Amino acid sequence: MKTYVKFGALVVAIIGTLVWLAAGGISETKTYYKTISELGQMGGGATGKRLRVGGDVVTGSIMRKGRAVEFTLRQDALRLKVVYSGNDPLPDTFRDGAQALADGKMGADGVFQASKIQAKCASKYEAKPGKAPAPLNKAGA
């Protein structure tokens, strides 16, 4: 009987440790999507929290400074300065006017420190609202 108690205690300890690690991992990787206006409404509460923010890249705002890339996201009339210093290269579709998502944390200085950038695919493959899609060109036609 003593062996079963030791084995049961070991199993409970292992399962408890796994649950604790899983719960800690989930809370560390949790990211909330916010718009630029929602980010502004959060005020100082946004500082240091993992967030994802999206908007359009302002034309002419992309500047490379060493390994860091600075740019500005725009949503309606609101703007947010972003500094990306991640290790991954920027997506090919990341350019002026593109829609982009930045994952990172808001700095105390009001600059969003991004660790990951995603650029949305160009909408040139979709029909404009209210219009039919363009026909595909076929070889020999």
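Within the range 111-123, restricting attention to residues that are at pLDDT below 85 and part of a loop (DSSP other than H, G, I, E, B), which residue is nearest to M42 (Cα to Cα)?
Step by step, filter the range 111-123, then rank; the result is K120.
Would you check if there is a residue in the range 22-32 being touching a residue at least 12 places away in the same chain (Cβ under 8 Å) and within 25 Å of A98 (Cα to Cα)?
Yes, the range 22-32 has at least one match.
Quick one: M42 ticks every box in (1) surrounded by 13 or more Cβ atoms within 10 Å (Cβ to Cβ); (2) within 15 Å of the chain's Cα centre (by Cα) bar one, so which box is it?
Failing condition for M42: (2).
Considering the range 71-90 alone, what residues qualify as being buried (at least 16 other Cβ atoms within 10 Å of the Cβ) and either at pLDDT 90 or above or of a type in the set (K, R) (or both)?
F71, T72, L73, R74, L80, V82, V83, Y84
For the range 54-102, give me each residue that is basic (K, R) and either outside any strand (DSSP E or B) or closer than 13 Å to Q113 by Cα (or both).
Those that are basic (K, R) and either outside any strand (DSSP E or B) or closer than 13 Å to Q113 by Cα (or both): R67, K81, R95.
Can you say whether K138 is on the phi < 0 side of the Ramachandran plot and either modelled with pLDDT under 55 or assigned to a loop (DSSP other than H, G, I, E, B) (or both), as far as the supplied structure shows?
yes
Looking at the range 44-51, is at least one residue basic (K, R) and either free of Cβ contacts under 8 Å to residues at least 40 places away in the same chain or touching a Phe, Trp or Tyr at 6+ places or on another chain (Cβ under 6 Å) (or both)?
No, every residue in the range 44-51 fails to be basic (K, R) and either free of Cβ contacts under 8 Å to residues at least 40 places away in the same chain or touching a Phe, Trp or Tyr at 6+ places or on another chain (Cβ under 6 Å) (or both).
Consider A9 against the criteria (1) small (G, A, S); (2) over 26 Å from A119 (Cβ atoms); (3) not in a helix (DSSP H, G or I): it satisfies all of them except one. Which criterion is unmet?
(3)
Results for (1) touching a Gly at 6+ places or on another chain (Cβ under 7 Å); (2) of a type in the set (D, E), shown as yes or no for each residue.
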position	(1), (2)
L21	no, no
G43	no, no
L73	yes, no
S85	no, no
D103	no, yes
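The values are calculated or read from the model by the stated rules, or taken from the named source; none is laboratory data. Keep in mind the model is a prediction, meaning the values are calculated, not measured. Here Cβ is always computed from backbone atoms with ideal geometry, including for glycine, and neighbour counts include all displayed protein chains.
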